[in-house]
Amino acid sequence: MSDEPVIQIRNLTKTYRDFWGRKKVQALNSLSLDVKKGEVFGLLGPNGSGKTTTMKLLLGLLFPTEGEISILGKPASDVSKNERIGYLPEESYLYRFLNAEETLDFYGRLFDITAEQRRRKTEELIEMVGLQQARRRQLKEYSKGMTRRIGLAQALINDPDLVLLDEPTSGLDPLGTRDMKDLILQLRDQGKTVVMCSHLLADVQDVCDRIAILYGGELKELGRVDDLLKEQKETQFITSELSDDAVAEIKAVLQKHNASLKSCGQPTSSLEELFLRTVQRSKDRPGQRYVPTAESGADSTSDASPSEETAESSS
């Protein structure tokens, strides 16, 4: 992972309006964050928090009400950027009567990939996602897990620099989930940048380098997973096996009992606990949201009334 940003979002606001132009829903409110090259970035939030809207804005399927998006060095509205993006939607829209080889060949044609490159890439991706035995079966015969696998292969046919995954482990059994997470880590090892949305917090905790938690269209938490999960007011020691008498001793006498100190640091909670705590805090204090510090890039949290937030967004 490098400090080079692949995605830059600044004061992004999206308001949905009705037929008469009246404000209906504010899906995003002054969202600002960066996604760095070579990282797996998790976008979390309950239903209606703005995750899907953010994805569509990144792809250029929606236009922001306010704010700016730079993705791969180009505005989100520049469709040429999509040649370097792979996208796996929550529901894969694939042709049921094609098999895996035909599906990848079809999508390769959309990117004007040569026949030789399509054949080579098809072989690589089918092996990568583990569908060698089902490569000539029609997709209508595929299970949910197999459909997600061929959907991921389709998203990688153009060898993208940025991969957007919407609920990649949705509907998968534990083995399929583990395989999908291994594939995501493999993409990171290849130097690709991955942005994923998921409701399965344990999966995000396993693969993501950094996460952002959205609630009510606002950014509530942002940072590295291991840093956010640390319990700041506690310290944990892990030692070799001790007798009952030694357990009652304090740290200073561990050496007396021939026990080595394995580690010393802050214990962590789970990502699920952090997520639920952030949502509950957001309900209790609706004016509080995360505001990145422009000068130092440090993380910070601010309290602002709704009117103050609107004024800050408009400025």
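One residue stands out in segment 219-239 among those that are free of Cβ contacts under 8 Å to residues at least 24 places away in the same chain and touching a Lys or Arg at 6+ places or on another chain (Cβ under 7 Å): the one that is nearest to Lys256 (Cα to Cα), namely Thr239. Of the residues screened, Lys230 is one that is at pLDDT 75 or above and not aliphatic (A, V, I, L, M).
Part of a strand (DSSP E or B) and at pLDDT below 90, is that true of Lys24?
Criteria met by Lys24.
Can you find even one residue in segment 39-60 that is over 29 Å from Ala202 (Cα atoms) and surrounded by 17 or more Cβ atoms within 10 Å (Cβ to Cβ)? So far as segment 39-60 goes, yes, one or more of its residues are over 29 Å from Ala202 (Cα atoms) and surrounded by 17 or more Cβ atoms within 10 Å (Cβ to Cβ).
The values are calculated or read from the model by the stated rules, or taken from the named source; none is laboratory data. Keep in mind it's a predicted model, so treat the numbers as computed, not measured. So basically every Cβ, Gly included, is an ideal-geometry build from the backbone, and we count neighbours across all protein chains shown.
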